[in-house]
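Below: one structure, written as structure tokens.
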Amino acid sequence: MKKGLKILFGILSRCIPGLLFVISLKGQDLHFSQFMNSPLTTNPANTGFIPGGDYRMGINYRNQWSGIMAIPYKTTSAFGDIQILRNRFETGWIGAGGTILQDVAGSGNLTSTKIFGSLAYHQLIDAGSLVSAGFNVGWASKRINVTNLKFPDQFDGRFFDNKLPTAVILARNNTNYLNLQLGLNYAYFPNEKVYLNIGYSALNVNRPRESFFDASPGIDNRLAVRHTGFLNGSFLLNSQWLINPNIYYTTQAKSFEIVGGMNAHYNLSGEGEYQLIGGLYYRLNDSFIPLIGLQWKDIKATFTYDATISTLKNYNNGRGAFEFSLIKEGLFDTYLGNKKQSMCPSFKNSSY
């Protein structure tokens with residue numbers, strides 16, 4: 001895959017000077033600016049870790065670089081998770097879930113499809129702490145349509161002509177592999193107004209091969225392990241305001257990404273059935289990410305926009321990406337409630 005990416009990046013750098021540096025630095029693995037709203041891809045230990053309910057399901061959509069590409073990067077995911085065997089463990093439970101992701105990029109329709117199944121175990125270790133461990137196993141597929149691609153040796157000095165012969169020959173236009181991700185979480189909730197959560201996960205633990213080319217000496221087509229860490233909190237300030245600071249860090253090979261910021265929930269009703277959400281995040285050396293959203297009872301919808309501040313803004317006019325997230329959390333028995341959950345601050349629990 002590295003060989004193929006170098007070819008594609010070389011083509012882009014001829015058309016848009018400076019773009020090569022941005023792409024090679026950031027990478028283009030599947031990711032969301034709203035990492036906090038894509039829990040199972042951020043960390044499999046989040047599976048069944050639902051402070052406000054017994055089950056959860058959601059969708060995410062990201063559209064990136066539409067300002068500089070005729071066919072932008074489009075990433076879509078759908079996920080769901082549930083708590084099971086809650087009556088088998090006195091102070092713990094198991095989470096089970098799954099995720100489907102698809103990413104389509106560029107004129108070659110480079111398409112990534114990933115399907116993961118996740119399991120996690122959550123254990124209360126005292127009245128205010130929770131430890132979680134989880135894993136997911138998934139099937140991944142990538143395919144590409146070379147018909148519309150133009151390679152460096154098809155440049156005639158003025159234009160790219162894909163009718164000219166090329167020495168670039170792909171061994172295949174699709175590749176499939178199994179992938180494994182592991183994760184750990186720790187949550188601390190000393191009272192109903194304070195909640196902290198820290199987690200770590202490792203993706204590509206089994207180092208699968210991913211390439212459209214045959215193996216050759218000196219070229220490692222195995223995916224590097226992707227390490228991800230996050231820290232988030234929830235603080236109930238009063239009966240009207242609840243704030244959620246978040247920070248996310250991921251690194252793979254020599255690439256890295258850091259996103260941090262905060263969103264706030266404003267209570268529009270007595271027990272928070274209706275909430276207005278607003279916030280601002282920052283991706284290091286890349287973009288500011290404002291967030292707006294609404295919550296209706298157990299359904300939350302949020303929208304973010306990546307406003308580019310790096311040198312790429314000279315080509316995309318600051319239009320980096322937009323994202324949409326829709327999440328529903330619920331209880332199977334609203335009368336009994338969810339007694340085993342960690343105490344995440346909410347307007348329903350407010351003592352103000």
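The values are calculated or read from the model by the stated rules, or taken from the named source; none is laboratory data. In this text, all values refer to a predicted model and were calculated from it rather than measured experimentally. Don't worry about glycine lacking a Cβ; one is built from the backbone with ideal geometry, like all the others, and counts go over all protein chains shown. We work out accessible area using only protein heavy atoms, side chains counted, and drop any ligands, DNA or RNA first. Shrake-Rupley method; radii C 1.70, N 1.55, O 1.52, S 1.80 Å.
Below is a table of values for the structure above.
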read-out: Farthest positive-ward along the chain dipole, Cα basis, beta-carbon charges - from Asn179, Ile144, Gly95; value: Ile144
read-out: Gyration tensor verdict on the stretch 158-311 (Cα atoms; rounded if a/c is under 1.5, prolate if a/b is larger than b/c, oblate otherwise); value: prolate
read-out: Helix 2-15 axis, angle to the chain major axis (alpha carbon atoms, nearest 10°); value: 70
read-out: Inter-label distance for Lys348 and Asn285, nm, one decimal - labels placed 7 Å from Cα along Cα-to-Cβ; value: 4.4
read-out: Prolate/oblate/rounded label for the stretch 36-122 (Cα gyration tensor, a/c 1.5); value: prolate
read-out: Area of Glu192 that stays accessible when all protein chains are in place (1.4 Å probe, Å², to 10); value: 60
read-out: Cα gyration tensor shape for the chain, rounded if a/c is under 1.5, else prolate or oblate; value: prolate
read-out: Cα-based reach from Lys348 at 14 Å (exclusive), listing aspartates and glutamates while leaving out same-chain residues under 8 positions away; value: Glu192, Glu271, Glu273, Asp298
read-out: Where N is the number of residues in the stretch 110-167, Cα Rg divided by 2.2 N^0.38 Å; value: 2.35
read-out: Cα-based Kirkwood hydrodynamic radius, the stretch 45-202, one decimal, Å; value: 19.0
read-out: Globularity index of the stretch 39-88, i.e. its alpha-carbon radius of gyration over 2.2 N^0.38 Å; value: 1.63
read-out: Links that overshoot a 23 Å alpha carbon limit, given the list Lys193/Lys297; Lys142/Lys328; Lys142/Lys163; Lys74/Lys114; Lys74/Lys297; value: Lys142/Lys328; Lys142/Lys163; Lys74/Lys297
read-out: 19 Å Cα-Cα reach of Lys254 towards aspartates and glutamates, excluding residues that sit fewer than 8 places from it in its own chain; value: Asp29, Glu210, Asp220, Asp286
read-out: Under 16 Å from the Val194 label point (7 Å along Cα→beta-carbon), backbone N, the stretch 96-132; value: 127-130
read-out: For Lys348, solvent-accessible area (1.4 Å; no DNA, RNA or ligand), Å²; value: 140
read-out: Ile292-Ile258 pseudo-label distance in nm [points 7 Å out on the Cα-to-Cβ vector]; value: 3.0
